[in-house]
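Presented below is the structure to which this report refers.
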Amino acid sequence: MTTLEAVFGMASTLAFFSWIALFIFYPRKWIYQTLFSGVFIILALTYLFYIVMGLGGESEGGFGSLAEVRTLFGSDEALLAGWIHYLVFDLFVGMWITKDAWEKDINRWIVLPCLILTFMLGPVGLLTYFLIRGVKLKKLNQSPFHP
């Protein structure tokens, strides 16, 4: 197994178990301050390392077209960084959902499908949560980021 495959496996496993912990400990202040902070620091530093390795220097590609993005992520290091980027941001969204649901007194079992969808399909899970939140608060026309 190559180093990149090992890092991919470790990052994916760490994120997966963080999602499980997110639901089990639905949110507890010390978990957010210790466990999830640690996960973010580890994954963010890993991301930074591989983004520098994969995109550093004279890399081709860019964000102007799909073909440029494909070229930009042409190296395995850049592709791994991209994967870790998804893991970190989806986990952050899941954390935000659980914290917000806790504050709004939304039942954790109702939130569970949103977390699963966020884990698997990112924006679909967040959209689902916004709809549930809107129904619960009877404010479907209000911004989901308004208190």
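The values are calculated or read from the model by the stated rules, or taken from the named source; none is laboratory data. Keep in mind the model is a prediction, meaning the values are calculated, not measured. All Cβ positions, glycine included, derive from the backbone under ideal geometry; neighbour counts span all protein chains shown. Protein only, heavy atoms only, side chains kept; ligands, DNA and RNA dropped before computing areas. Shrake-Rupley method; radii C 1.70, N 1.55, O 1.52, S 1.80 Å.
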**Report entry** Reachable aspartates and glutamates from K99, criterion Cα separation under 19 angstrom, eight or more residues apart if same chain
**Finding:** D90
Query raised in the report: Put a dot 7 Å past each Cα toward the Cβ at L48 and H85; how far apart are the dots in nm?
Result: 1.7
Query raised in the report: Carbon and sulfur together cover what percent of the accessible area of the chain at a 1.4 Å probe radius?
Result: 71
Query - Å² per residue, accessible surface of the chain at 1.4 Å - result: 63
**Report entry** Whole-Hz ³J(HN,Hα) from phi, Karplus 6.51 cos²θ - 1.76 cosθ + 1.60, for the stretch 128-137, glycine and proline x
**Finding:** 4, 5, 4, 5, 4, 4, x, 5, 4, 8
